[in-house]
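Below is one structure; the comments refer to it alone.
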Amino acid sequence: APSDFGLIGLAVMGQNLVLNVESRGFAVSVYNRTPAATEAFVAAHPGKRITGHASLTAFVQSLSRPRRVMLMVKAGAAVDAVIEQLIPLLEQDDIIIDGGNSLYTDTERRDAWLTPLGLRFIGAGVSGGEEGARKGPSIMPGGPASTWAAMRPVFEAIAAQVDGQPCVVHIGPGGAGHYVKMIHNGIEYGDMQLICEAYALLQAAGLSNARMAAVFDQWNQGELQSYLIQITARALEQVDAETGRHVVDLILDKAGQKGTGQWTQLNAAENAVVISTINAAVEARVLSSQKDQRVAASGQLQGPAGRLEVDAERLITQVHDALFASKIVSYAQGLDLMRTMGAKKGWGLDLGAIAGIWRGGCIIRAQFLRHITAAYQADPGLQNLMLAPYFQTVLNRSQAAWRQVVAQAVSAGIPVPAFGASLAYFDSLRSARLPANLLQAQRDFFGAHTYERIDKPAGQWFHTAWPEVIG
Ligand code: NDP
C-alpha cells in the first residue's frame, strides 16, 4: 500500500519526526541522500510502518496522492538541491514541506518558484529540537491555505498537545511560517540571556549552584514556569563524573549561535521596530565569544569587583520580578515585530494563536503565554503587549524591584544588558516626551532637516536660522 507521508533527510530531526509521524498511525516512506543512513534507520526500527528507498524516484512513487513530502535537510542550498531533484518526479497539487530552519525569504523564493509549476509549498517552522520532533513539536506552517486541509491531520497528530489543543495552526501564506519560527528563535535568545543575567546576579550574591537550582525550581512553580527555567535548574545541579565539580562551572563562557537571532535583528532593523532585549541577547553572545579580548581587557579596564553584598532572600525576590518584567518586554518587542511585518506582508497573523502554539513542544514553552493569547483575544488590535491589563499589572508591581536590580547591577559592575535594555524600553515607551526635541534641533542645525513644533499643527515644518559655528 502507498505511504501516507514521505520524509527526506534522516539526520537527528528527520529520524525523530518520522518516528513521531509513524507512531500516530501513518505509514511513512523515507529517503536520505546517503543511502547508508536510510538502511541503518530502517533496520533500527523493525516492525514499524516505515519503508526506506534508495532512489528518489522509488520514494516518490511509494506515496499516496496528493503526495506529502517533508524535507528535513540542512537549511540553505541543500533544500534547493532536493527540490530540484523532486520537481520532475512530482505531479500537480503534490505538497513539499520544508521543515528546516530556512530563512523566510528563501521560503518566499521557493514558493514563487514552485507555485507556477503546479506544486504546493509549505515552509514550516518546527521547534523543540530532537525531543520535540520525537514527542511532539510546536509547528509553524506557512503556505497556501489549500495545503492546511491536506496537512492538518498529520500536523495536528504529531504536534505537542496542551490542554487538548495541538500546538500547530496555519500561520499564513508564503514565508509566514518560517518568519514566525525566526521570531520564536529571537525570543528564545532573549529568554535565555535574561535567565543568564538572573544567574549572574544570584551568583554575585554568593548563592551556590545547589541553592540557585532550588531557586529556579521554585520559580518554575509560579509565573515564570517555563521549559528554560526548568532546564536551568537541572543544568545548575549537574555534576561532572570525572572531576566531581558542577558541569556549569567547567563550561567555557563562549556562547555559540547559528544565525536565527541575527536574522531577527536584521528584520527588525529593516522594519524600524525596536527589539532591544533580543538585540542585547544576540550581542551578549557575540561579546561572550570574544573571550580573549575580554580576558585581556579585564586586566586593564578597572571597575567594581562584581559582587553584591545584599540580603540573598530579598535579592531572589527582586531578581524574580526583574526577570518576569524583562521577559514581558522582550515578548512585547517580538510581537511588535510580527505585528508590523504581518501587516506589511498582509499575512493576517493571529498573534494570540501563535503565542498559543508556543505553549508546548518548543523551547520557549511557558505558562505565561496563555496570558498573551488572552490579551489578543480580548483586543486583536493590541498595539503593545505591555498595555494589556494583565501585563500592565505585572509591570506596575514588578518595577520597583526591577529598577533596584538594574541599579545594583550597575553599581556592582555586573553586566545586565538584557535587563537594562528592557527597562530602558519600558521607560521610553511610557515617556510622553523624550529628548528627541534636541535631536531635531541638531538635525535642523547641521542639515536643515526642519522640525515640527508642539505649539503648531502637526505636518507643518519649520527651520531655524541657527548661528554659524566656526571651528
Ligand atoms: P542537519 O541540518 O545536520 O542536516 C543533515 C541532513 O541534511 C542529512 O540528512 C543530510 O544528508 C542532508 N543533506 C545535507 N546536504 C544535502 C544535500 N545537498 N542534498 C541532500 N541532502 C542533504 O540535520 P538536523 O536534523 O540537525 O536539522 C535538519 C533541519 O532542521 C535543519 O534545517 C535544522 O536547522 C532544523 N532544525 C534542527 C533542530 C535541531 O535541534 N537539530 C531544531 C529545529 C530545527 P546526508 O546524510 O546525505 O549528509
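Can you tell me the dipole magnitude for segment 362-455 around its Cα centre, using point charges on the Cβ only (Lys, Arg +1; Asp, Glu -1), in Debye to the nearest 20?
320 debye
Where the centre of each part is set by its Cα atoms, how far does segment 268-326 sit from segment 111-130, in angstrom?
37 Å
If you stretched the chain out fully between Asp217 and Lys344, how much longer would it get, using 0.36 nm times the residue separation minus the C-alpha to C-alpha distance?
Going from the current span to full extension adds 41.6 nm.
Would you mind getting me the FRET efficiency between Gln225 and Val286? Use the beta-carbon distance for r and R0 = 51 Å, nearest 0.05.
0.95
Are there any GluC sites (Glu not before Pro) in segment 211-275 that are in a DSSP loop and have at most 13 other Cβ atoms within 10 Å? List them by number.
Qualifying residues, ordered by number: Glu242.
Among DSSP beta bridges whose residues both lie in the chain, state the antiparallel percentage, nearest 5.
30 percent
Rounded to the nearest 5, what is the percent of antiparallel bridges among the DSSP beta bridges in segment 5-174?
20 percent
Roughly how big is segment 229-357's charge dipole about its Cα centre, with Cβ charges of +1 (Lys, Arg) and -1 (Asp, Glu), in debye to the nearest 20?
460 debye
Please list, ordered by chain and number, the residues whose modelled amide H lies under 5 Å from the amide H of His246; skip anything fewer than 5 residues away on the same chain.
Residues meeting the criterion, in which the H sits 1.01 Å from N, are Asp240.
Any read-out appearing in this document is the output of simple, stated calculations on the displayed coordinates, not a laboratory observation. The structure presented is a predicted model; accordingly, all values stated were derived computationally and were not measured. Here the Cβ is made from the backbone with ideal geometry for all residues, glycine too, and neighbour counts use every protein chain on show.
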